[in-house]
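Below is one structure, written out as structure tokens; comments come after it.
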């Protein structure tokens, strides 16, 4: 018997330059000026940049030093995550007026399944427009949105008319849209994979579509199956209201590079305290401990160890962190250290959904 899966209308809402916009909202003197949240002209990494700063090439995850070089008149402000969380909770309350199927990805973006919604509105595009309008009227912040048949296409679409815009990819437009999409825009295609695809003459979805399932499996292993399906509009991930955390971490970027392992252990001790606090607060335990090391030349290294039982307390995992630090010689002075847990007790298998066409 053929399965009869539910039709889908998915919205991806993405706040425009969220952290920076909140800072400009709270401090009118910053409005219209290039703002970087986090970092400084001496140290640190930019967490977010206003659109005024982006015009100069400033981006998140960029060093403050480079941001200052690109935009000499940039204004650095410290992040206020409690404030961002406060605003984010108000935004989510607006989402829940339309559907309970809300999957937050971070403080500033979320997926909404509005196939069946509380307003009885058959148009996902109109719902997205109404949500964006309410965010502006109630919070004075701008949001963009993408609307389509699955999460992947909706997320790509939300970036097309940014800032303060939206884009709908209707069911009948999906295949053509995917054929024209650059391969680096597809889920699971990072820089290394994109470079490999380019070397194989695969630049767009149409190029990718010319490859058989057998060819893609041979070239990319299990990921090849994923690429084969996703370029055909098949992305079977449902909107998960209770999104399962797959890792939990704590890290610190230092004002001055560390070259002594003694000083590194001192910092790791404090990072481990914070990680234990987060683990307890979320009632999370994990089996895989990972030490993240970012060197002064911005190269990055991770070292991991998996135990056969779940850990949560510092006294249980900190000896492993020390072991990982001494596992290999450090190649340079260190600007960032972090500890994370994966293979968590919260992970479980998720149901598989299949997409069908529907009216927008």
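The values are calculated or read from the model by the stated rules, or taken from the named source; none is laboratory data. It should be emphasised that the depicted structure is a prediction, and the values quoted were computed from it without experimental measurement. Every residue, glycine as well, gets a Cβ built from its backbone with ideal geometry; the counts of neighbours run over all protein chains shown.
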Legend entry - One residue from 308, 283 being at positive phi and either surrounded by 12 or more Cβ atoms within 10 Å (Cβ to Cβ) or in the same structural domain as residue 254 (by TED's automatic domain parsing) (or both): 283
Inset, instruction - Would you mind stating whether residue 178 is buried (at least 21 other Cβ atoms within 10 Å of the Cβ), more than 24 Å from the chain's Cα centre (by Cα) and part of a helix (DSSP H, G or I)? - result: no
Legend entry - Residue list for region 77-103, restricted to those being more than 19 Å from residue 22 (Cβ to Cβ) and either out of contact with any strand residue (DSSP E or B) (no Cβ under 6 Å at 6 or more places or on another chain) or without any contact (Cβ under 8 Å) to a residue 60 or more places away in the chain (or both): 96, 97, 98, 99, 100
Legend entry - Lone unmet requirement of (1) part of a loop (DSSP other than H, G, I, E, B); (2) touching a strand residue (DSSP E or B) at 6+ places or on another chain (Cβ under 8 Å) for residue 112: (1)
Legend entry - Criterion (in a helix (DSSP H, G or I) and in contact with a helix residue (DSSP H, G or I) (Cβ under 7 Å, 6 or more places away or on another chain)) met by exactly one of 41, 23: 23
Legend entry - Filter result for residue 74 (outside the structural domain of residue 153 (by TED's automatic domain parsing), closer than 20 Å to residue 19 by Cα and either buried (at least 19 other Cβ atoms within 10 Å of the Cβ) or modelled with pLDDT of 95 or more (or both)): yes
Legend entry - One residue from 240, 246, 211 being surrounded by 13 or more Cβ atoms within 10 Å (Cβ to Cβ) and under 30 Å from residue 38 (Cβ atoms): 240
Legend entry - Extreme residue, nearest to residue 111 (Cα to Cα), among residues of region 140-171 that are free of Cβ contacts under 8 Å to residues at least 60 places away in the same chain and not in a loop (DSSP other than H, G, I, E, B): 156
Legend entry - Positions within region 194-206 being touching a helix residue (DSSP H, G or I) at 6+ places or on another chain (Cβ under 7 Å), over 15 Å from residue 156 (Cα atoms) and in a helix (DSSP H, G or I), in sequence order: 194, 197, 206
Inset, instruction - Test residue 145 against the criterion of being surrounded by 15 or more Cβ atoms within 10 Å (Cβ to Cβ), more than 20 Å from residue 11 (Cα to Cα) and in contact with a helix residue (DSSP H, G or I) (Cβ under 6 Å, 6 or more places away or on another chain), and give yes or no. - result: no
Legend entry - From the options 68, 90, residue that is assigned by TED's automatic domain parsing to the domain that holds residue 147 and either crowded, with 17+ Cβ neighbours inside 10 Å or within 25 Å of residue 26 (Cβ to Cβ) (or both): 90
Inset, instruction - Name the single residue, out of those in region 181-193 being free of Cβ contacts under 8 Å to residues at least 12 places away in the same chain and in a helix (DSSP H, G or I), that is surrounded by the most Cβ atoms within 10 Å (Cβ to Cβ). - result: 184
Legend entry - Members of region 312-335 that are in contact with a strand residue (DSSP E or B) (Cβ under 6 Å, 6 or more places away or on another chain) and over 20 Å from residue 259 (Cα atoms): 317, 320
